Amino acid sequence: MNKLTILLLLLALSACKQSTKTKEIQTPVKQVVSEHEANYPEALAKVFDAHGGLEQWKAQRTLSFVLPKPERPETHTVDLWTRMDRIDTDVVTMGFDGEQAWLLDSDENYKGDVGFYHNLMFYFYAMPFVLADDGIMYSETKDLQYGGKSYPGVKIGYKNGVGASSKDEYFIHFDANTHKMTWLGYTVTYRSGESSDNVRWINYNDWQSVNGLQLPRTITWYKHEGDTILEPASTVSFEEVTLSEQVKPASFYFKPDEGQYVDVKLN
């Protein structure tokens, strides 16, 4: 083998090693998209603006908040780009590593559905910004009437196979003057695989400023009869909220050795 052949082989091997290394350290590419450049309804774009703007939201990487449950406070942490997540309590930890949900519960205290719950409160908390996710379909919906006031809205559906419950529907309604989000209607189809016309309602009227974004301080579920919203039923508070452009190591969201993976049924 002559010197030129040896040199070419060394260069080829070097290129392969460099390519492998680059692949190993790849991270999700930051994508900052103006809501006015994307295919969102004009009304929804104005809602994003009223809450600080979609560009500012997409610049953030890690969200954390505490649900101050008296019996067992929960610390929720989410990677906003990959949607890996983790919930920590004093006795139970659960999360999602990007592919599978998992649970660490050595004393078998948790009786809920990890696949359903691990990111449930994140989606309610991160409204309206999560309504800009990929795979969403937007359509018109009638105004919501409550307390003698009319709230315009947008209906949100999901393309088939998107998320764990692609047949879920959401209805975001906002103040016609300020364009701030006021109501969220939603259906639940998780594990049933069947569409539902039972719309549940959450009121959003208590906001806090976090890194230039308007995010909920509290949200309140309301009782309802058909399309009629009745009195408040329960309120959830969000405390110790942090929003950062800093990323946590992916291992933070991985299943601990003592944990177990949990099956999640995708509709």
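Which residues, taken from region 45-97, are in contact with a Gly (Cβ under 9 Å, 6 or more places away or on another chain) and in a helix (DSSP H, G or I)? Result: Gln56, single match.
One residue stands out among those in region 196-216 that are part of a loop (DSSP other than H, G, I, E, B) and open to solvent by 40 Å² or more (accessible area, probe 1.4 Å): the one that is nearest to Leu120 (Cα to Cα), which is Asn198.
With respect to the conditions (1) assigned to a loop (DSSP other than H, G, I, E, B); (2) at pLDDT below 95, Lys248 falls short on a single one, namely (2). Would you confirm whether or not region 16-38 contains a residue that is of a type in the set (A, V, I, L, M, F, W, C) and modelled with pLDDT of 95 or more? No; the residues of region 16-38 include none that is of a type in the set (A, V, I, L, M, F, W, C) and modelled with pLDDT of 95 or more.
In region 224-233, the count of residues that are over 21 Å from His76 (Cβ atoms), in contact with a Lys or Arg (Cβ under 8 Å, 6 or more places away or on another chain), charged (D, E, K, R) and modelled with pLDDT of 95 or more is one or more. Lys111 meets all of the listed conditions (1) of a type outside the set (Ser, Thr, Tyr); (2) open to solvent by 20 Å² or more (accessible area, probe 1.4 Å); (3) touching a residue at least 60 places away in the same chain (Cβ under 8 Å) but one, namely (3). Taken together, the residues in region 98-108 that are open to solvent by 20 Å² or more (accessible area, probe 1.4 Å) and either closer than 20 Å to Tyr125 by Cβ or in a loop (DSSP other than H, G, I, E, B) (or both) amount to 7.
Quick check, is Ser150 open to solvent by less than 50 Å² (accessible area, probe 1.4 Å), farther than 30 Å from Glu258 by Cβ and in a strand (DSSP E or B)? Spelling it out, Ser150 is indeed open to solvent by less than 50 Å² (accessible area, probe 1.4 Å), farther than 30 Å from Glu258 by Cβ and in a strand (DSSP E or B).
Restricting attention to region 134-146, and to residues there that are outside any strand (DSSP E or B) and in contact (Cβ under 8 Å) with a residue 12 or more places away in the chain, which single residue is least open to solvent (accessible area, probe 1.4 Å)? Among those that are outside any strand (DSSP E or B) and in contact (Cβ under 8 Å) with a residue 12 or more places away in the chain, it is Gly135.
The values are calculated or read from the model by the stated rules, or taken from the named source; none is laboratory data. Note that this is a predicted model, so its numbers are computed, not measured. Ideal geometry is used to build each Cβ from the backbone, glycine not excepted, and the neighbour counts take in all protein chains shown. Areas reflect the complete protein model, heavy atoms only, side chains present, ligands, DNA and RNA absent. Shrake-Rupley method; radii C 1.70, N 1.55, O 1.52, S 1.80 Å.
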